[in-house]
């Protein structure tokens with residue numbers, strides 16, 4: 001498109017005048033995006049119409065659609081290119097980039113979070129242990145622009161709220177000083193998702209085979225791998241075992257923990273082999289499961305407000321930031337009151353064919369639960385809630401209800417330690 005040819009030519013001229021200094025590219029790209037004001041001059045569907053009518057395209061950099069669904073390259077220069085990425089579903093992936101540039105929201109919006117990673121130990125150049133902490137979280141809307149910096153200076157996640165969303169991204173090919181593009185798994189792991197080890201890959205695939213076919217000695221085979229493996233291999237193997245053995249709905253429904261016990265035994269072999277390092281693994285697996293579980297539930301919900309709330313539960317790790325973003329989205333309403341109303345609606349909504357009591361997977365949730373939930377959400381501690389309940393003549397086991405609500409994985413971001 002002519003518009004993006006003009007955009008790219010201006011960026012090329014300005015960057016060339018700065019001798020192609022990598023650290024200046026994000027500022028140049030974001031400034032030109034601001035000057036061009038793309039959302040007022042084009043839209044995502046105009047780009048789709050142009051693509052459908054085209055007889056040739058600029059070189060398509062990501063031919064296999066690893067990033068975006070789909071990605072469309074709109075302009076190519078020797079040192080950078082311009083893409084539009086369409087997104088149908090949100091992802092909680094936390095990552096850094098091996099390139100620099102800037103992006104602008106052209107359609108939809110997203111939850112945008114910045115993180116820090118404090119490295120505790122480098123297992124190998126592709127696998128790190130450390131602490132992941134939130135720096136800032138915000139809502140992006142159409143027209144918003146953000147700079148992209150290569151390396152750990154810019155660790156972020158984008159969870160796209162609308163379906164679809166679209167972003168214009170101006171990016172270099174790869175910064176030589178930041179060749180590894182880590183992904184981060186809360187709360188402790190950084191890994192290179194592009195690292196390929198055929199032996200490791202096949203070991204993990206055989207773990208899938210053994211578990212899915214319910215081999216009589218599956219645990220023996222898997223424990224042998226763990227006993228003889230490096231820590232990264234142990235992580236990959238246990239990750240597959242956790243997916244298969246833990247949070248099995250039918251067993252949890254009838255109070256059986258046989259599969260969970262099998263996983264704990266495998267994890268103990270990792271402790272014997274790798275010591276305290278193994279203690280970093282279970283919180284990572286549990287958080288990955290929590291996010292996947294909420295994403296699955298969100299897919300069953302049609303209301304935009306309910307979907308927005310679940311997106312916040314997935315991506316925002318504390319009550320204060322969650323309520324702040326609610327206030328940005330609904331500036332004229334009581335954020336906590338809105339959430340309480342949504343939770344009441346969701347706990348009264350069931351999914352056809354599901355064994356679960358409601359779409360949130362929460363058991364009994366009556367007016368007493370709702371009373372405690374609202375006050376926890378507003379920052380009251382259990383003793384204060386007991387006082388309010390007594391004043392209202394509410395006869396309910398407030399400490400038990402409070403402990404139960406705070407332990408529910410779906411509300412972890414609302415009621416985790418540090419949120420209250």
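No value in this document is a laboratory result; all are computed from the given coordinates. Being a predicted model, the structure only gives us computed values, none of them experimental. For neighbour counting, all protein chains shown are included, and Cβ atoms are generated from backbone atoms with ideal geometry for every residue, glycine included.
For segment 37-147, what percent of Cα pairs sit more than 18 Å apart?
More than 18 Å apart: 62 percent of the Cα pairs in segment 37-147.
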Would you mind listing how long segment 2-191 runs along its three principal axes, going by Cα atoms, in whole Å with the largest first? 51, 40, 29
When 82, 170 are ranked with the fewest other C-beta atoms within 10 Å first, the list becomes 82, 170
Taking the reciprocal of mean 1/r across every pair of different Cα atoms in the chain, the Kirkwood radius in Å is 24.1 Å
Taking 51 Å as R0, compute the FRET efficiency from the Cβ-Cβ separation of residue 209 and residue 416 and round it to 0.05. 0.90
Nearest-ten-degree value, helix 335-347 long axis tilted from longest Cα axis of the chain: 70 degrees
Along its three principal axes, how long is segment 198-288 when you only count alpha carbons? Whole Å, largest extent first please. 37, 28, 21
Return the distance in nm (one decimal) between the two label points of a simple spin-label model at residue 144 and residue 41, each offset 7 Å from Cα along Cα→Cβ. 2.3 nm
Mind telling me which of 390, 165, 223 comes out most flexible in a GNM of the chain, alpha-carbon contacts under 10 Å? 390
Along Cα→Cβ, 7 Å out, is where each label goes; now give me the distance between the ones at residue 404 and residue 304 in nm to one decimal. 3.5 nm
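Compute the relative contact order of the chain as a whole-number percentage, counting only Cα pairs closer than 8 Å that sit 6 or more residues apart in sequence. Present the calculation step by step, with values, prior to reporting the outcome.
Working: 637 pairs, mean separation 51.0, N = 420.
Normalised by residue count, the contact order of the chain is 12 percent.
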Could you give the alpha-carbon Rg of segment 273-325 over 2.2 N^0.38 Å, rounded to two decimals? 1.48
Residue 272 paired with residue 34, simple spin-label distance in nm, labels 7 Å along Cα-to-beta-carbon: 6.1 nm
Counting only backbone N atoms under 18 Å from a point 7 Å out along Cα-to-Cβ of residue 354, the residues of segment 363-393 in range are 363-366
Could you state the angle between the C-alpha long axis of helix 258-274 and the longest principal axis of the C-alpha atoms of the chain, as a value from 0 to 90 degrees rounded to the nearest 10? 60 degrees
Most mobile of 218, 150, 234 in a GNM of the chain (Cα contacts under 10 Å): 218
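Quick check of the Kirkwood formula: for segment 300-415, what is the inverse mean of 1/r over all pairs of different Cα atoms, in Å? Spell out each step's value before the answer.
Working: mean 1/r = 0.0673 Å⁻¹.
Averaging 1/r across every pair of different Cα atoms and inverting gives 14.9 Å.
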Please work out, to two decimal places, the log10 of the ratio I(q)/I(0) at q = 0.21, 0.22, 0.23 Å⁻¹ from a Debye calculation in which every Cα of segment 115-235 carries one identical scatterer. -1.23, -1.28, -1.34
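Based on DSSP H runs of at least 4 residues, each adding -39500 (n - 2.57), what is the mean residue ellipticity at 222 nm of the chain after dividing by all its residues, to the nearest 500 deg cm²/dmol? Before the final figure, lay out each step's value.
Numbers: 16 runs with 192 residues, N = 420.
Result for the chain: -14000 deg cm²/dmol, rounded to the nearest 500.
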Taking Cα atoms, how many degrees apart are the long axis of helix 198-212 and the longest axis of the chain, rounded to 10 and kept between 0 and 90? 40 degrees
Using Cβ contacts closer than 10 Å as the measure, can you line up 67, 285 from fewest to most? 67, 285
Would you calculate the convex hull of the Cα atoms in segment 62-114 and tell me its volume per residue in Å³? 111 Å³
So what does log10 I(q)/I(0) come out to for segment 207-363 at q = 0.11, 0.12 Å⁻¹, using the Debye formula with one equal point on every Cα and no solvent? -0.59, -0.68
If you rank 369, 160 by fewest surrounding Cβ atoms within 10 Å, what's the result? 369, 160
